[in-house]
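Just so you know, all these numbers are worked out from the coordinates, no wet-lab data involved. Predicted model, so just to flag it, every value in this text is computed and none were measured. Cβ atoms come from the backbone with ideal geometry, glycine included; neighbour counts cover every protein chain shown.
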Amino acid sequence: MKKRHIFFISVVCMLSVAGCTDDFLDVPPQGQLTPSDYFSSSSDASTEVVNAVYNALLQTNVHGFPWLGVASITSDDADKGSSPGDTGTDKNLLNNFTFTPEAVSFDNVWEGNYIGVMRANYALNTIPNLTVEASLKKRLIGEASFLRAYFYWNLVRCFGGVPLITFVPDPSNEAQKELSRTRATADEVYAQIILDLSTAVDSLTTLSELPELELGRATSGAALGLRAKVYMYMGEWENAAADARSVIAQGEYSLDTPYENIWREVGENSSGSLFEVQCRGLTPNTAIGGFTETQSIRGQFGWGFNTPTQDLWDAYPSGDTRRAATFIVPSETLWDGVVVISNTENPYYNYKAYVSRTKETYNGDAWQTNKNYRVLRYADVLLILCEALYHTDPSSADIYTYLSQVRERAGLSSVTSADFSSQQALLDEILLERRLELAMENDRFFDLIRQGWQYDSSIPILALGVNKNKDSEFLWPKNALFPIPQKQRQLSGGLLTQNPGY
């Protein structure tokens, strides 16, 4: 497959603002053009200011080691890994739910995603006032809206209600400063996410309409797919089903890529992917810092964190090819001929994070390796539709059609209504398929929490408190949300309230 990327660049330092604090209100740009000078002199300003929003996706704090700790190591799919004495700063605390608001990973994730929010705000505030061809302006506004929704999606799943900032703060405006330090409700954040995604749906082109050199930018399919997922989390099943069906109806996506190839270089931007963070491993490197090295085989290639659990291994049925594509085991010969050492520190490693040093783009920098981050896949959309139809049209044959498509690619048999003794058995299978299809893709913890309040409040307790490990201190409903970072509460002057139980 021809390898194609779009590379996102940052244009001005002031777009690197972090957090909801005075810090991002008071730092002037240094050693560069002022915004007014820049935008009056650059014919590509509108595109570049949106490229800066995409660039925020490459931050370690958004998709790197802190995110792996918060979104994956907390789940029953993953353990801390590494060696017992290597805590990863706070990954041992995340693994066992013994963390406090001072845990640095929470602050990292908060700051990284707010950098993205503020860059998106800057783009959305600037582009309408620029002289830009109308269709390009519309598309760029759609892209920035999509990305702002994504950053807020990460924040609301982690922390619940957070400051809802949709403007570029004026340092002299006390009301804006206070609003930037005050939590909106989770419902208000979700409403803004839906509003932004709706703007994106109406403004973006389909994948096939996107110029080849622009591959990697958000499309209407990506916006519909993410909105379907957000609606699923909100329990708005009719809307989730409608958006998932709209993605399918576009005819742009398929499950043609073999499962084991999805996370290799040959599988980047394939027909099964709605949105990926674009990375490259050339010089100069542009990648999610540490994404691969922190998860690679300890003692051979990397640090060995975020390792798949025995519980996840045991969840795969016989013949399911997804297990071999997800797990690296000691002494295994990998797809590129590399033999894993026999005396690994951990029993399993994450195959989806592996980068070949001989068969893929690699220039020797293990920290900045070429590895696109898959944000949203077509299989996810199909499973969203299955779950939504379970709630809205449980007799629909489409449930079995799309469930079977996902299963068949994994080497499993198709299913019909006759294979399930009850509706509960069908739901269990849909949720199991979500786990196995999306394993180690940073969805499982949030899925468990969602399933806990939508179906049975005991599910997160069982999954995270029993199956994970004996030392887990998971408490429901306290740990359904993570604590507001203590650093951010201090910077807000106490205006940021804490989540219950912390």
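Observations on the model:
- Rg then Dmax, both in Å and based on the Cα atoms of the chain: 22.0, 69.
- By other beta-carbon atoms within 10 Å, ranking 215, 197 with the fewest at the front produces 215, 197.
- Calculated FRET efficiency for the pair residue 213/residue 310, C-beta based, R₀ 41 Å, to 0.05: 0.35
- As a calculated quantity, the FRET efficiency between residue 250 and residue 166 at R0 = 30 Å, using C-beta atoms, amounts to about 0.55.
- The label-point distance for residue 44 and residue 421, in a model that sets each label 7 Å from Cα toward Cβ, rounds to 6.3 nm.
- Extension gain from residue 413 to residue 198, taking 0.36 nm per residue of separation minus the Cα-Cα distance: 73.7 nm
- Listed residue (75, 231, 297) projecting farthest to the positive dipole end of the chain, Cβ model: 297
- Here the simple spin-label model places points 7 Å from the Cα toward Cβ, and for residue 318 and residue 135 these points are separated by 5.6 nm.
- Measuring nothing but how far apart in sequence close Cα pairs (under 8 Å, 6+ apart) lie, relative to its length, the chain scores a relative contact order of 20 percent.
- Taking amide H as placed 1.01 Å from N in the peptide plane, residue 79 has its amide H under 5 Å from the amide H of 307, 309, each at least 5 places away in sequence or on another chain.
- FRET efficiency, 1/(1 + (r/R0)^6) with R0 60 Å, evaluated for residue 271 and residue 473 via beta carbons: 0.90
- Over the C-alpha trace of the stretch 250-338, radius of gyration and Dmax come out as 15.2, 46 angstrom.
- Taking other C-beta atoms within 10 Å as the exposure proxy, 75, 492, 417, 472 rank 417, 472, 492, 75 from fewest upward.
- 11 Å beta-carbon shell around residue 336, net charge (K/R +1, D/E -1): +1
- Mean Kyte hydropathy of -1.0 or more with a Cα span along the axis of at least 18 Å, helices from DSSP in the chain: 104-126, 134-159, 186-203, 220-234, 237-250, 378-392, 423-437
- The local environment of residue 136, defined by Cβ-Cβ distances under 15 Å, has a net charge of -2 under the rule Lys, Arg +1 and Asp, Glu -1.
- Phi to ³J(HN,Hα) by Karplus 6.51 cos²θ - 1.76 cosθ + 1.60 over the stretch 305-312, Hz, x for Gly, Pro: 8, 6, 9, x, 8, 5, 4, 5
- Whole-angstrom Cα spans of the stretch 110-216 along principal axes, big to small: 42, 31, 21
- Estimated distance in nm for a label pair at residue 186 and residue 336, the labels positioned 7 Å out from Cα along Cα-to-Cβ: 4.1
- Burial ordering of 143, 238, fewest other beta-carbon atoms within 10 Å first: 238, 143
- Packing order of peptides 125-137, 358-370, highest average first: 358-370, 125-137 (average count of other Cβ atoms within 10 Å over each peptide's residues).
- Residues with amide H under 5 Å from that of residue 327, placed H, sequence gap 5 or more: 351
- Taking the helices alone, the chain has a mean residue ellipticity at 222 nm of -13000 deg cm²/dmol, built from -39,500 (n - 2.57) per DSSP H run of at least 4 residues and averaged over all its residues.
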